[in-house]
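The values are calculated or read from the model by the stated rules, or taken from the named source; none is laboratory data. Computed from a prediction, not measured in an experiment: that's the story for all the values here. Here the Cβ is made from the backbone with ideal geometry for all residues, glycine too, and neighbour counts use every protein chain on show. Accessible surface areas use protein heavy atoms only, side chains included; no ligands, DNA or RNA. Shrake-Rupley method; radii C 1.70, N 1.55, O 1.52, S 1.80 Å.
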Amino acid sequence: MLKKFIIGTQVFFLIWVVAGLAGANCENEEYVGACEAGTGIGVFLLFMLWAMVNFILLVIWLVTKKSKE
């Protein structure tokens, strides 16, 4: 059950990052550089959130993992 949740979380974050990159329409903006920088900052923050969630999921997985004894 936990494995499926972890995989689902990874797929969710991957789709979120791809959508964030694809949704940036900077061609019609007056300040293209600022639009691209804002997109980069947003994707960076998504990666940081992804890393923090992965750390929490890792701790939960290690705590609940059954030993092979």
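Under 9 Å from the mean Cα position of the chain (by Cα) and open to solvent by 80 Å² or more (accessible area, probe 1.4 Å), is that true of Phe55? The answer is no for Phe55.
Inspection of the stretch 25-47 identifies no residue that is touching a residue at least 60 places away in the same chain (Cβ under 8 Å) and over 15 Å from the mean Cα position of the chain (by Cα). Filtered by the rule that a residue be outside any helix (DSSP H, G or I) and surrounded by 10 or more Cβ atoms within 10 Å (Cβ to Cβ), the stretch 1-52 gives Ala24, Cys26, Glu29, Tyr31. Taking the criterion of being under 22 Å from Thr39 (Cα atoms) and aromatic (Phe, Trp, Tyr), the residues of the stretch 1-16 that qualify are Phe12, Phe13, Trp16.
For the stretch 32-57, a residue qualifies if it is within 23 Å of Ile6 (Cα to Cα) and of a type in the set (A, V, I, L, M), and the qualifying residues are Val43, Leu45, Leu46, Met48, Leu49, Ala51, Met52, Val53, Ile56, Leu57.
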